[in-house]
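Single-structure report; data block below.
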Amino acid sequence: LRALGDEAFGELLVIVELQMPVGAERADVVLLGWSPSSPRGVVIELKQWSKISVDPLTNFVDVPHVGIHRHPSIQVLNYRGKLRFFNQHAQQYELFSTVFLLNALTRDQEALIESAPRMWTEEAPLFTSAEHQAFAQWVSERLLPTSLDPLEAVAFTEAPYAQSKHLFSFVKEHARDIAQDAELALAG
C-alpha cells in the first residue's frame with residue numbers, strides 16, 4: 001500500500017486473490033488501468049520471504065521454515081499466461097507481471113535474479129520494499145493514466161473460462177516445451 005500510496009494510483013482497479021481460470025492458484029494482486037480501448041493489467045506476486053537460498057540447477061527457492069517454492073518470477077508469469085489463454089475478459093488486456101518482495105534483502109533479490117534465466121526477470125521484475133519508488137514508477141508507466149470503468153474489475157474477476165484464439169497456435173508452436181514443463185511453457 002505504501003508503494004502505491006500516491007493519489008495518482010487512486011483510480012486503478014484492484015483485484016485481490018484472483019482465482020486462476022484453470023488450476024487452484026490465485027494471483028495475489030491484479031491492477032487494471034489505462035484506457036477502455038487499450039486496457040492493461042499488472043499481475044503482482046507478493047512474497048514475504050525474509051531469507052532464501054536458490055538452487056542454481058532447478059531455480060527452486062528454499063524458504064526456511066516454509067519449504068521449497070518455484071521461482072516467483074516464473075510463478076507470476078504462469079498466472080499471466082493462464083489469464084491470457086483462459087480468461088475470456090483478460091484476453092482483451094495487455095498484461096504485465098512483477099514480484100514485490102516485502103521482506104527480502106538486496107542479497108536475496110540478487111540471488112533470485114542471478115539464478116534465473118534473464119527472460120524471467122525481465123518479463124517479471126523483482127522489487128524489494130526498499131525500491132518502492134521504482135516499483136511505483138514501473139506500475140505507473142504501464143497503467144497510468146487510467147479511465148477504466150470500475151465495473152471492469154467485476155467483469156475481469158467473473159469472466160468465464162475461454163480458450164483464446166492464440167492458445168492453439170501457441171500449443172502447436174511449443175508442444176515440446178509443454179511436454180517437458182507445462183507451467184514453464186505457459187509463462188512464455
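In the range 57-158, which strands (runs of 3 or more DSSP E) lie fully inside it and hold 1 or more residues that are in contact (Cβ under 8 Å) with a residue 40 or more places away in the chain, open to solvent by less than 70 Å² (accessible area, probe 1.4 Å) and under 16 Å from Leu18 (Cβ atoms)? Explain how you work it out, then say what you get.
Values: elements: 61-63, 67-69, 94-101, 126-128.
Filter on the range 57-158 gives 94-101.
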Among (1) free of Cβ contacts under 8 Å to residues at least 40 places away in the same chain; (2) closer than 22 Å to His166 by Cβ, which single condition is Trp34 missing?
-> (1)
Filter the range 12-52 for residues that are over 19 Å from the mean Cα position of the chain (by Cα) and open to solvent by 60 Å² or more (accessible area, probe 1.4 Å); which is farthest from Pro145 (Cα to Cα)?
-> Lys51
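Which of the residues spanning the range 7-58 are at positive phi and in contact with a Leu (Cβ under 9 Å, 6 or more places away or on another chain)? Quick ask: steps written out before the conclusion?
Restricting attention to the range 7-58, the residues satisfying the condition of being at positive phi are 17, 23, 34.
Hit for the range 7-58 is Trp34, nothing else.
The values are calculated or read from the model by the stated rules, or taken from the named source; none is laboratory data. What you are looking at is a predicted structure, and each value in this text was computed from that prediction instead of being measured. FYI the Cβ positions are ideal-geometry reconstructions off the backbone, even for glycines, and counts take in every protein chain you see. Surface areas here come from the heavy atoms of the whole protein model, side chains and all, with no ligands, DNA or RNA. Shrake-Rupley method; radii C 1.70, N 1.55, O 1.52, S 1.80 Å.
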